[in-house]
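Some notes on the structure that comes next.
The values are calculated or read from the model by the stated rules, or taken from the named source; none is laboratory data. These numbers come from a predicted model, not from an experiment. Using ideal geometry, Cβ is built from the backbone for each residue, glycine included, and neighbour counts are taken over all protein chains shown. Ligands, DNA and RNA are stripped out before the accessible areas are found, and what is left, the full protein with its side chains, is counted by its heavy atoms. Shrake-Rupley method; radii C 1.70, N 1.55, O 1.52, S 1.80 Å.
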Amino acid sequence: MQITSFKQYEEDFKKSVDNPEQFWGEVAQNFQWRKPWFKVLSWNFNEPNIKWFEGAKLNITENCLDRHLEKNGDKPAIIWEPNNPEEESVTYTYKMLHERVCRFANVLKRNGAKKGDRICIYMPMVPELAIAVLACARIGAVHSVIFGGFSAKSIADRINDSQCKLVITADGAYRGNKQIPLKDVIDDALIGCPTVEKCIVLTHVRTPVSMLKGRDVWWEDEVKHVNDICEAEEMDAEDMLFILYTSGSTGKPKGVVHTCGGYMVYAGYTFSNVFNYQPGEVYFCTADIGWITGHSYIVYGPLSQGATSVLFEGIPTYPSPSRFWDIVEKHKVNTLYTAPTAIRSLMSFGDEPLNGKDLSSIRVLGSVGEPINEEAWHWFDEKIGHGKAPIVDTWWQTETGGIMISPIATVTPTKPSYATLPLPGIQPILVDENGKEIEGNGVSGNLCIKFPWPGMLRTTYGDHERCKQTYFSTYENLYFTGDGCLRDEDGYYRITGRVDDVLNVSGHRIGTAEVENAINMHAGVVESAVVGYPHDVKGQGIYAFVINPEMHGEEELTKKDILQTVTRVIGAIAKPDKILFVAGLPKTRSGKIMRRILRKIAEGDTANLGDTSTLLDPAVVDQIIEASKALK
Ligand code: WT7
């Protein structure tokens with residue numbers, strides 16, 4: 001299933017369009033099924049109703065673990081690199097990982113979990129996080145991993161939305177020189193979560209925690225009560241594998257649902273091809289398992305291919321901005337897959353952190369999460385890849401399950417700041433405002449996908465109508481990505497960013513409406529409007545216009561109060577970079593905020609605001625511009 005030449009890419013692509021069922025049916029043969037499918041694909045984008053590998057039975061953990069045991073049982077599956085470089089790294093072979101997963105799967109059963117139950121996971125980047133994820137999959141429970149940066153309220157909302165029965169967490173997490181009290185956050189969340197019966201707590205940072213009798217149990221105690229034999233649950237290809245919450249243009253995050261068969265095939269196929277993974281190589285994806293990148297390209301993709309996946313607990317700049325390079329040297333990393341925001345941040349420290357670091361093991365580089373600017377692309381290429389490692393700029397989304405548009409390392413060309421060409425099986429099209437296809441090259445429009453692929457979302461948890469409205473109703477018979485896109489003269493795709501009210505801050509997806517809701521919860525705030533603005537390191541920064549609340553004469557303190565409120569309501573990742581107090585917001589006569597104007601002001605581009613004649617009170621604009629000049 002690995003593509004080895006450009007000619008083969010073209011042939012596979014053609015075949016995948018002419019005969020998708022045959023194409024994906026053949027790809028799927030590279031996986032282990034308990035029972036084959038009777039139909040590769042049935043679909044319509046109207047309901048939407050999408051089924052891949054109908055009738056097939058499998059368990060994804062048999063593909064990620066059991067099938068490697070005989071030949072590769074002693075091969076490293078996960079190399080864990082702790083936050084503190086003074087601590088030893090830990091290697092789990094496939095045999096060990098299999099044993100741990102089975103044992104923890106039995107712990108889940110012992111605590112009442114069954115097939116179909118939803119389990120919330122809120123953990124640091126430790127091997128036990130991967131073990132927890134795989135243990136859920138082993139017994140057919142549906143995991144919902146929540147990134148460690150979300151607040152108690154965000155966790156509670158997500159737990160309640162999918163009615164989780166169990167929570168798996170740890171006492172705390174390290175992030176650079178900070179400690180995050182995960183269990184405390186969970187305790188606050190669980191006050192409002194009636195469906196949660198049990199909470200399993202891993203000891204990690206050894207901070208004191210409260211353990212509620214009858215609800216909370218220690219991971220370390222539980223594993224002693226069970227053995228390590230756990231037959232994998234037989235799953236239907238279309239049974240739910242996991243839920244992952246993601247932000248959209250409304251205030252409430254959606255639970256994106258992925259199913260077992262199609263997701264497995266897509267994550268495995270794209271991992272093997274995009275990174276051109278070769279047996280024995282060490283692959284390092286710096287994402288967090290709390291996001292889709294970690295699901296697909298730290299856990300399921302690499303493990304399904306018997307790869308060695310590095311799992312890093314820390315951050316790129318701790319204890320110094322040499323950390324990634326130290327890890328590359330130490331573990332002889334062959335593939336480094338990271339985010340533009342990390343590249344830009346490390347770039348800002350100059351060449352010094354690279355001095356004396358041996359990066360010669362690097363063969364392939366990858367970028368994900370946001371558009372990569374040319375400067376960062378070239379730095380990555382020259383300083384890290386020494387001009388010899390292809391950079392795969394991978395465009396995809398939580399909803400797509402896996403990489404969609406990207407170079408294939410060593411096989412298809414790269415081009416700075418371009419995601420380049422669609423992978424086989426992916427049929428992108430550009431449309432105009434009215435949904436009319438824009439044909440030919442040298443054009444831009446809204447990016448849609450016109451044919452299903454195995455890794456696509458099937459629904460949004462508990463609200464199928466929302467899935468339909470969000471992705472399948474903007475344009476008839478198309479999946480709408482929410483991204484704007486350019487197709488150049490050569491037919492290469494370049495993603496230009498979101499066209500909806502979704503921000504991309506350091507590769508994290510945040511809805512402006514969510515941040516506004518959070519700000520508006522602060523006592524005294526009347527109304528607010530949030531927009532993005534270009535930020536050197538984060539890609540986008542968050543700019544909040546807030547109608548003057550009661551400040552008791554203390555503007556700076558009030559700003560801090562608002563930041564605190566956002567941290568409480570969503571989490572630190574959604575904190576505005578700039579808050580501007582204003583007397584009013586630019587609104588149309590029908591009461592709609594004109595964000596276009598606010599965006600311009602946030603960008604500092606006030607010379608040409610366009611037509612403001614439809615505004616209810618054009619004078620507010622001048623007031624806002626005046627106030628914005630005083631803001632650093
Ligand atoms: C949004 C999806 C894909 C996993 C991480 C983010 C943006 C993602 C790229 C890229 C330009 C990109 C898009 C997309 N995006 N990758 N290579 N070039 N933009 O997943 O949180 O679901 O966000 O991230 O805007 O829609 P996500």
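Residues in the range 347-356 that are in a helix (DSSP H, G or I) and among the charged types (D, E, K, R): 352 only.
For every residue, the table says whether it meets (1) out of contact with any Leu (no Cβ under 8 Å at 6 or more places or on another chain); (2) closer than 22 Å to residue 624 by Cβ.
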| position | (1), (2) |
| --- | --- |
| 534 | yes, yes |
| 537 | yes, no |
| 540 | no, yes |
| 544 | no, yes |
| 555 | yes, yes |
| 562 | yes, yes |
| 572 | yes, no |
| 578 | no, yes |
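When the test is whether a residue is more than 9 Å from the ligand (Cβ to nearest atom), closer than 20 Å to residue 450 by Cα and of a type in the set (Asp, Glu), residue 483 does not pass it.
Would you pick out the residues in the range 281-312 that are part of a loop (DSSP other than H, G, I, E, B) and in contact with a strand residue (DSSP E or B) (Cβ under 7 Å, 6 or more places away or on another chain)?
Those that are part of a loop (DSSP other than H, G, I, E, B) and in contact with a strand residue (DSSP E or B) (Cβ under 7 Å, 6 or more places away or on another chain): 281, 286, 289, 290, 307.
Contact map, the range 398-419: first residue in contact (Cβ under 8 Å) with a residue 24 or more places away in the chain and among the acidic types (Asp, Glu), second residue part of a loop (DSSP other than H, G, I, E, B) and more than 9 Å from the ligand (Cβ to nearest atom), Cβ cut-off under 8 Å, separation 6 or more or different chains; pairs are 399/456; 399/457.
Scanning the range 430-455 for residues that are part of a loop (DSSP other than H, G, I, E, B) and out of contact with any Asp or Glu (no Cβ under 7 Å at 6 or more places or on another chain) returns 432, 433, 434, 436, 439, 440, 450, 451, 452, 453, 454, 455.
Scan the range 241-253 residue by residue and report those that are assigned to a strand (DSSP E or B) and within 11 Å of the ligand (Cβ to nearest atom).
Selection gives 244, 245, 246.
Considering only residues in the range 562-594 that are among the aliphatic types (A, V, I, L, M) and closer than 30 Å to residue 187 by Cα, the one that is surrounded by the fewest Cβ atoms within 10 Å (Cβ to Cβ) turns out to be 572.
Total residues in the range 389-414 satisfying the condition of being open to solvent by 10 Å² or more (accessible area, probe 1.4 Å) and either touching a Lys or Arg at 6+ places or on another chain (Cβ under 8 Å) or among the small types (Gly, Ala, Ser) (or both): the figure is 1.
Just one of the listed residues (542, 495) is within 22 Å of the chain's Cα centre (by Cα), under 14 Å from residue 369 (Cα atoms) and within 16 Å of the ligand (Cβ to nearest atom), and it is 495.
Among the residues of this structure, residue 17 does not count as one that is among the β-branched types (Val, Ile, Thr), over 23 Å from residue 272 (Cα atoms), modelled with pLDDT of 95 or more and in a helix (DSSP H, G or I).
Just one of (1) part of a strand (DSSP E or B); (2) among the hydrophobic types (A, V, I, L, M, F, W, C); (3) not assigned by TED's automatic domain parsing to the domain that holds residue 255 fails for residue 467. It is (1). When we screen 402, 369, 445 for residues that are under 28 Å from residue 475 (Cβ atoms) and more than 11 Å from the ligand (Cβ to nearest atom), the only hit is 445. Residue 502 passes all but one of (1) away from the ligand (no atom under 14 Å from the Cβ); (2) open to solvent by less than 20 Å² (accessible area, probe 1.4 Å); (3) of a type outside the set (Gly, Ala, Ser); which number fails? All conditions are met except number (1). Screening residue 603 against (1) more than 30 Å from the chain's Cα centre (by Cα); (2) open to solvent by 70 Å² or more (accessible area, probe 1.4 Å); (3) farther than 30 Å from residue 181 by Cα leaves a single unmet condition, (1). Residues of the range 607-622 that are at pLDDT 90 or above and surrounded by 14 or more Cβ atoms within 10 Å (Cβ to Cβ): 620, 621.
Given the structure, is residue 156 in contact with a Ser or Thr (Cβ under 9 Å, 6 or more places away or on another chain), open to solvent by less than 40 Å² (accessible area, probe 1.4 Å), among the small types (Gly, Ala, Ser) and assigned to a helix (DSSP H, G or I)? Steps first, answer last, please.
On the way: in contact with a Ser or Thr (Cβ under 9 Å, 6 or more places away or on another chain): no; open to solvent by less than 40 Å² (accessible area, probe 1.4 Å): yes; among the small types (Gly, Ala, Ser): yes; assigned to a helix (DSSP H, G or I): yes.
Spelling it out, it is not the case that residue 156 is in contact with a Ser or Thr (Cβ under 9 Å, 6 or more places away or on another chain), open to solvent by less than 40 Å² (accessible area, probe 1.4 Å), among the small types (Gly, Ala, Ser) and assigned to a helix (DSSP H, G or I).
Can you tell me which residue within the range 20-49, out of those that are of a type outside the set (A, V, I, L, M, F, W, C) and part of a loop (DSSP other than H, G, I, E, B), is least open to solvent (accessible area, probe 1.4 Å)? The selected residue is 48.
Taking the criterion of being closer than 14 Å to residue 501 by Cα and in contact (Cβ under 8 Å) with a residue 40 or more places away in the chain, the residues of the range 579-602 that qualify are 593, 595, 598, 599.
Hey, any hits in the range 384-396 for a residue that's within 13 Å of the ligand (Cβ to nearest atom), assigned to a loop (DSSP other than H, G, I, E, B), among the polar types (S, T, N, Q) and touching a strand residue (DSSP E or B) at 6+ places or on another chain (Cβ under 7 Å)?
Let us first name the residues in the range 384-396 that are within 13 Å of the ligand (Cβ to nearest atom), namely 391-396.
Pick out the ones that are also assigned to a loop (DSSP other than H, G, I, E, B) and you get 396.
In the following step, the residues that additionally are among the polar types (S, T, N, Q) were identified as none.
Within the range 384-396 (the criterion being within 13 Å of the ligand (Cβ to nearest atom), assigned to a loop (DSSP other than H, G, I, E, B), among the polar types (S, T, N, Q) and touching a strand residue (DSSP E or B) at 6+ places or on another chain (Cβ under 7 Å)), the answer is no, since none of the residues qualifies.
For residue 50, the requirement of being under 22 Å from residue 266 (Cβ atoms), aliphatic (A, V, I, L, M) and in the same structural domain as residue 195 (by TED's automatic domain parsing) is met. Evaluation of residue 419 against the conditions (1) away from the ligand (no atom under 12 Å from the Cβ); (2) at pLDDT 95 or above shows that the sole unmet condition is (1). Whenever a residue of the range 207-236 is closer than 23 Å to residue 179 by Cβ and open to solvent by 40 Å² or more (accessible area, probe 1.4 Å), its partners that are small (Gly, Ala, Ser) and not in a helix (DSSP H, G or I), lying with C-beta atoms within less than 7 angstrom and at least six residues away or across chains, give the pairs 207/172.
Results for (1) buried (at least 22 other Cβ atoms within 10 Å of the Cβ); (2) part of a loop (DSSP other than H, G, I, E, B); (3) without any contact (Cβ under 8 Å) to a residue 12 or more places away in the chain; (4) in the same structural domain as residue 175 (by TED's automatic domain parsing), shown as yes or no for each residue.
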{"position": "315", "(1), (2), (3), (4)": "no, yes, no, yes"}
{"position": "320", "(1), (2), (3), (4)": "no, yes, no, yes"}
{"position": "324", "(1), (2), (3), (4)": "yes, no, no, yes"}
{"position": "330", "(1), (2), (3), (4)": "no, no, no, yes"}
{"position": "333", "(1), (2), (3), (4)": "yes, yes, no, yes"}
{"position": "341", "(1), (2), (3), (4)": "yes, no, no, yes"}
{"position": "345", "(1), (2), (3), (4)": "no, no, no, yes"}
{"position": "358", "(1), (2), (3), (4)": "no, yes, no, yes"}
